Amino acid sequence: MNLEEAAWGGDDDDLDIDDEIMALNSDNAVNIDTTESDIYVPPQPGVDPMLNILRMNPNSAGFHASHGDCRKAAELLKSQIGLVNL
């Protein structure tokens with residue numbers, strides 16, 4: 001298949017658009033704001049709320065464990081309550 005056979009058609013002359021509709025649209029032209037886009041841009045991610053809690057409570061073994069830092073939680077428990085067997 002060559003490019004000419006794959007084309008969608010070359011002329012727009014065969015479209016059935018009434019001249020009255022075209023005149024109506026040109027007389028009632030509306031200013032369209034082109035600054036908006038149909039592309040969704042997600043908001044920027046903020047700081048993880050759990051990291052804020054850990055900054056405010058750095059000595060809470062429970063917060064460290066719930067955030068997945070079990071090693072730090074174990075170190076805190078060892079220093080705070082003398083936990084030896086983990």
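For ASP38, state whether it is out of contact with any Asp or Glu (no Cβ under 9 Å at 6 or more places or on another chain) and either at positive phi or surrounded by 11 or more Cβ atoms within 10 Å (Cβ to Cβ) (or both). No: the conditions fail for ASP38. Of the residues making up the stretch 41-86, those that are outside any loop (DSSP other than H, G, I, E, B), among the small types (Gly, Ala, Ser) and touching a residue at least 12 places away in the same chain (Cβ under 8 Å) number 4.
We did not get these values from a lab; they are worked out from the coordinates using the rules stated. Owing to the predicted nature of the structure, the values given are computational and were not obtained by experimental measurement. Because the Cβ atoms are built from the backbone with ideal geometry, glycine has one as well, and the counts that use them run over all protein chains shown.
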